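Here the structure comes first, spelled out in structure tokens, and everything after it is commentary.
The values are calculated or read from the model by the stated rules, or taken from the named source; none is laboratory data. Predicted model, so just to flag it, every value in this text is computed and none were measured. All Cβ positions, glycine included, derive from the backbone under ideal geometry; neighbour counts span all protein chains shown. Protein only, heavy atoms only, side chains kept; ligands, DNA and RNA dropped before computing areas. Shrake-Rupley method; radii C 1.70, N 1.55, O 1.52, S 1.80 Å.
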Amino acid sequence: MIHVEPVALEFNGVRLEPLSLAHVEGLRMAAADGALWNLRVTSVPEPHRTQAWVHAALEMTNRVAFVVVDAATGDVLGTTSYHDILPEVDRVEIGYTWYAHSVQRSNVNTSCKLLLLSHAFDTLGCAVVGFRTDNFNHASQAAIERLGAKKDGVIRHHALRRDGTVRDTVMYSIARGEWHEIKTHLHYQLTRHAAL
């Protein structure tokens with residue numbers, strides 16, 4: 001049975017630190033890089049709601065939230081989490097992920113996912129890691145699919161968006177037996193990205 005606790009992880013110039021109130025201003029600045037709160041299909045907080053957003057993330061009992069930091073500069077780049085943790089079946093999901101616009105489509109997401117997936121499978125002993133996203137968040141779906149996750153299906157009329165509309169949720173997962181090949185592929189993607 002897995003036991004998920006806050007931990008610091010670092011790889012490829014990216015550090016994941018357990019989220020704390022000390023990160024509020026950094027997250028506010030990261031969200032302002034691209035005015036990410038204006039995106040309908042994300043949960044990025046508006047600047048004046050960042051502290052409340054951090055409080056809510058820290059109060060969730062089934063979530064371990066991280067802040068994504070540039071290891072060289074200490075700048076906050078975004079956030080990600082383990083959530084919907086099911087110890088009895090050795091399953092976590094990775095989500096609540098968003099990054100400053102300036103680091104989107106860079107090595108940051110792949111590096112973070114490699115850190116979280118490696119920790120989930122190789123350290124925690126997860127049997128499966130899941131992902132979910134809004135049916136209209138096509139960029140997120142493409143990013144999840146680039147990781148090598150398999151699309152499990154769509155849960156219809158599943159969750160409220162901030163604007164009050166109800167979304168369908170697209171579900172993905174990676175099983176333990178797929179992890180070695182996916183890990184190799186993610187390292188390859190990072191090597192390819194570095195060569196460009």
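Of the set (1) outside any helix (DSSP H, G or I); (2) open to solvent by less than 40 Å² (accessible area, probe 1.4 Å); (3) hydroxyl-bearing (Ser, Thr, Tyr), all apply to Thr50 but (1).
Just so you know, in the range 151-167 the residues that are surrounded by 14 or more Cβ atoms within 10 Å (Cβ to Cβ) and more than 23 Å from Gln104 (Cβ to Cβ) include one that is nearest to the chain's Cα centre (by Cα), and it is Asp152.
Considering the range 113-138, and only residues there that are under 28 Å from His157 (Cα atoms), part of a loop (DSSP other than H, G, I, E, B) and hydrophobic (A, V, I, L, M, F, W, C), the residue that is most open to solvent (accessible area, probe 1.4 Å) turns out to be Phe136.
Any residue at all in the range 35-49 that's at positive phi, out of contact with any His (no Cβ under 7 Å at 6 or more places or on another chain) and hydrophobic (A, V, I, L, M, F, W, C)?
Step one: of the range 35-49, the residues at positive phi are 35.
Within this subset, residues satisfying the condition of being out of contact with any His (no Cβ under 7 Å at 6 or more places or on another chain) are 35.
Checking the rest, the ones that are also hydrophobic (A, V, I, L, M, F, W, C) come to 35.
Yes: one or more hits.
Hey, any hits in the range 73-85 for a residue that's of a type in the set (Phe, Trp, Tyr), closer than 20 Å to Val24 by Cβ, in a strand (DSSP E or B) and at pLDDT 95 or above? Within the range 73-85 (the criterion being of a type in the set (Phe, Trp, Tyr), closer than 20 Å to Val24 by Cβ, in a strand (DSSP E or B) and at pLDDT 95 or above), the answer is no, since none of the residues qualifies.
Return yes or no: is Ala57 crowded, with 19+ Cβ neighbours inside 10 Å and assigned to a helix (DSSP H, G or I)? It is true that Ala57 is crowded, with 19+ Cβ neighbours inside 10 Å and assigned to a helix (DSSP H, G or I).
So, in the range 64-106, of the ones that are β-branched (Val, Ile, Thr) and open to solvent by 10 Å² or more (accessible area, probe 1.4 Å), which residue ends up farthest from Asn38 (Cα to Cα)? Walk me through it before giving the result.
To start, the set of residues in the range 64-106 that are β-branched (Val, Ile, Thr) comprises 64, 67-69, 73, 76, 79-80, 85, 89, 92, 94, 97, 103.
If we keep only those that are open to solvent by 10 Å² or more (accessible area, probe 1.4 Å) too, we end up with 64, 73, 76, 85, 89, 97, 103.
Working: Val64: 25, Thr73: 27, Val76: 19, Ile85: 29, Val89: 36, Thr97: 15, Val103: 17 Å.
Result: Val89.
Listed conditions (1) under 27 Å from Val170 (Cα atoms); (2) touching a helix residue (DSSP H, G or I) at 6+ places or on another chain (Cβ under 8 Å); (3) among the hydrophobic types (A, V, I, L, M, F, W, C) are all met by Ala56, apart from (2). Taking the conditions (1) of a type outside the set (Gly, Ala, Ser); (2) touching a strand residue (DSSP E or B) at 6+ places or on another chain (Cβ under 9 Å); (3) in contact (Cβ under 8 Å) with a residue 12 or more places away in the chain in turn, Phe11 satisfies each one other than (2). Within the range 148-169, the set of residues being among the hydroxyl-bearing types (Ser, Thr, Tyr) and assigned to a strand (DSSP E or B) comprises just one member, Thr169.
Across the range 152-169, what is the total count of residues that are of a type in the set (Asp, Glu) and under 14 Å from Ser43 (Cα atoms)? Full working, then the answer.
Looking only at the range 152-169, we keep the residues that are of a type in the set (Asp, Glu), and these are 152, 163, 168.
Still in the running and under 14 Å from Ser43 (Cα atoms): 163.
Qualifying residue count, the range 152-169: 1.
Keeping to the range 4-41, report how many residues are modelled with pLDDT under 95, open to solvent by 50 Å² or more (accessible area, probe 1.4 Å), part of a helix (DSSP H, G or I) and of a type in the set (A, V, I, L, M). Counting residues in the range 4-41 that are modelled with pLDDT under 95, open to solvent by 50 Å² or more (accessible area, probe 1.4 Å), part of a helix (DSSP H, G or I) and of a type in the set (A, V, I, L, M) gives 1.
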